[in-house]
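K.L.:
Sending over a structure as structure tokens; questions will come in a sec.
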């Protein structure tokens, strides 16, 4: 995924296997929970982190986060397109989140955030990078004020993005510092320095994150030094990749506030195995590897989600698989207190809102949707069926299963290639 923009351009990796699904996880020695527990929670995690990524309201066309921030601050005609009642849709979305048990909201802000919309929103990049000018900060603060209203009072994670391919750490530091020093830091309890950083794979990524993290972790100004810092990574496709990544983090960045993983798992078709069995194997396998890593920091799932494969399987089946994935994810993470000393594993689902192209649905193409809103009616969100699963686990603490998982129902046979596909990206 290009770092011009944390969201729009992504990539996928395909892992070939035999009949045994994701057999690399089977090779991992299962240690006892007592001896291989995930770290206990710091202060900002005393309540279970039940998070969502907020990047869309109704469609990609004009209501993704960059344009949303502009329209809320400058008016509905901003960014070359009038969108009526956008503030009402935002308020109703926040009410839906609050009523569903969500207590953390994740936002993505980066240099590419402005470059993508430079022409559409009349951005002057000299006022953006390397130092974000006050008018842009005011627009961000105006948006943050919605999230911190007393009736919502969401905790906030901000993911910051800088130069393409992590090529300019020095200017990225200036850019990040200009944002963090000017925005209202009320309720900002986590800052991710970079998105999709792969330090164990790419030398330049490793050099960049060590430089940037060291600067902010030792920042001379107390208001910035006290913030919780980490970085967003990707979904790793095998046990060996996860182990290598965690070993790199352990050796090079021991003072991270949390250690992140992403857990996108998607399987349109599988041979002789139920979807739930597969999701359980991959998700639980990744968590077990973390427990055995020896890292004494909380695990933080910065992104998880399920892409609807409407081109490869019937829509009804995809929705069912999506529900099974979410159920298994929550059972493995929010219910982690059953198997470790970390009361629960924080996570941010990708993504709230309707992330389809409304004007031209054919543009969805391979980027079939993750969004958990299907539409809006009278400015109220219409949620996807899987939202019931989210509400069930975000509202409750008893970890009682829903009826989403049907262990007896196998997935369709893939006779031509018999492969397991693990989605590394969002799109």
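The values are calculated or read from the model by the stated rules, or taken from the named source; none is laboratory data. Every value quoted in this text rests on a predicted model; they were computed, and no experiment measured them. Cβ placement follows ideal geometry from the backbone for every residue including glycine, while neighbour counts extend to all protein chains displayed.
K.L.:
Output the residues belonging to the stretch 132-147 that are crowded, with 16+ Cβ neighbours inside 10 Å and assigned to a loop (DSSP other than H, G, I, E, B).
P.N.:
Selection gives 132 alone.
K.L.:
Taking the stretch 172-190 as the search range and keeping residues that are within 30 Å of residue 241 (Cβ to Cβ) and assigned to a helix (DSSP H, G or I), which one is nearest to the chain's Cα centre (by Cα)? Break it down into steps so the answer makes sense when it comes.
P.N.:
Start the filter on the stretch 172-190 by keeping residues that are within 30 Å of residue 241 (Cβ to Cβ), which leaves 172-173, 175-176, 189-190.
Add one more test, that the residue is assigned to a helix (DSSP H, G or I), and what stays is 172-173, 175-176.
Numbers: 172: 21, 173: 23, 175: 22, 176: 20 Å.
Selected residue: 176.
K.L.:
If you go through the stretch 116-123 one residue at a time, do you hit one that is assigned to a helix (DSSP H, G or I), modelled with pLDDT of 95 or more and buried (at least 17 other Cβ atoms within 10 Å of the Cβ)? Break it down stepwise before answering.
P.N.:
In the first step, residues of the stretch 116-123 are kept if they are assigned to a helix (DSSP H, G or I); the result is none.
No: the stretch 116-123 contains no residue that is assigned to a helix (DSSP H, G or I), modelled with pLDDT of 95 or more and buried (at least 17 other Cβ atoms within 10 Å of the Cβ).
K.L.:
Here's something else I'd like to know. Please count how many residues of the stretch 233-250 are more than 14 Å from residue 287 (Cα to Cα), over 16 Å from the mean Cα position of the chain (by Cα) and buried (at least 20 other Cβ atoms within 10 Å of the Cβ).
P.N.:
Qualifying residue count for the region: 1.
K.L.:
Follow-up. Can you report the number of residues in the stretch 210-235 which are without any contact (Cβ under 8 Å) to a residue 40 or more places away in the chain and under 30 Å from residue 264 (Cα atoms)?
P.N.:
Final tally of qualifying residues: 4.
K.L.:
Find the residue count for the stretch 191-232, including only residues that are crowded, with 20+ Cβ neighbours inside 10 Å and either out of contact with any helix residue (DSSP H, G or I) (no Cβ under 7 Å at 6 or more places or on another chain) or not in a loop (DSSP other than H, G, I, E, B) (or both).
P.N.:
13
K.L.:
Suppose we filter 48, 66 for residues that are farther than 25 Å from residue 398 by Cβ and touching a residue at least 24 places away in the same chain (Cβ under 8 Å); which single one remains?
P.N.:
Testing whether each residue is farther than 25 Å from residue 398 by Cβ and touching a residue at least 24 places away in the same chain (Cβ under 8 Å) leaves just 66.
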